[in-house]
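See structure below.
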Amino acid sequence: MLKVGLTGGIGAGKSEVSRLLVASGAVLIDADKIAREVVESGTPGLAAVVETFGPEVLAPDGSLDRPKLGAVVFADADKLAALNAIVHPLVGARSAELEQAASDDAVVVHDVPLLAENGLAPLYDLVIVVDASPVTQLDRLVRLRGMSEEDARARMAAQATREKRLEIADVVIDNDGPLEGLSERVGEVWADLERRARA
């Protein structure tokens, strides 16, 4: 089994790369998706969040009100740390379960947005960084995701710098150009990953 960490700044195109890798045959473990699952209604994760932050972070239907919780934690580093202390171990445990279910010769891609920020590179055999210039990132966030320029810049600033991400990269997928070139580049990377998984 080859364990791959996949990361990239917001708007760099990481989701598109993970989609192409899955289409090639990779087993995807999506940290963001799991982070949502572990705090769904009725989970011990949600119970712990409510115990820590109070019932006001719940929506009327009893599910987690993400925007409300976000407003609480992103304004306070200690509260964000408290949330991470609940969610990260649950995500880690679920990721390990999914990884163990994969076949021995699988290429398992862990899609982890905050891989650089949380110092997780040593957990993987290989780290792939999807890279785009800040100008490209900003353009995609504003034009394709409809964010205000101010919001887009704030989100970019909250992440690791481009340099910090590139420092941990074993493989860099340059995604500054059009999508046609991206699928070709991902195809080359996939061939290399398969070779490594068999080795």
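The values are calculated or read from the model by the stated rules, or taken from the named source; none is laboratory data. Because the structure is a prediction, the values reported are computed rather than measured. Here the Cβ is made from the backbone with ideal geometry for all residues, glycine too, and neighbour counts use every protein chain on show. Note: accessible area is taken over every heavy atom of the protein model, side chains too, but ligands, DNA and RNA are not part of it. Shrake-Rupley method; radii C 1.70, N 1.55, O 1.52, S 1.80 Å.
Descriptive notes on the structure:
- Peptide ranges 80-90, 176-186 listed from the most packed, as the mean C-beta count within 10 angstrom indicates: 80-90, 176-186
- Amide H contacts under 5 Å for residue 28, placed H, 5+ residues apart: 109
- A 1.4 Å probe run over the chain, with the rest of the protein chains in place, finds 54 Å² accessible per residue.
- Taking 0.36 nm per residue of separation and subtracting the Cα-Cα distance, full extension of the segment from residue 23 to residue 93 would add 22.6 nm.
- The label-point distance for residue 158 and residue 80, in a model that sets each label 7 Å from Cα toward Cβ, rounds to 0.7 nm.
- With Cα atoms, 0 to 90° folded angle of helix 149-158 axis to the chain main axis: 80
- Helix-only mean residue ellipticity at 222 nm for the chain, each DSSP H run of n ≥ 4 adding -39500 (n - 2.57), per residue, nearest 500: -16500 deg cm²/dmol
- The stretch 1-79, accessible surface, carbon-and-sulfur percent (1.4 angstrom probe): 55
- Note: relative contact order over the chain, using C-alpha pairs below 8 Å and six or more positions apart, is 38 percent.
- Table column - 3J(HN,Hα) (Hz), the stretch 176-182, Karplus curve with 6.51, -1.76, 1.60, x for Gly and Pro: 8, x, x, 4, 4, x, 5
- If you sort 3, 14 by accessible surface, 1.4 Å probe, largest first, the order is 3, 14.
- Karplus-derived HN-Hα couplings along the stretch 81-88 (A = 6.51, B = -1.76, C = 1.60, θ = phi - 60°), whole Hz, x at Gly and Pro: 4, 5, 5, 4, 5, 7, 7, 4
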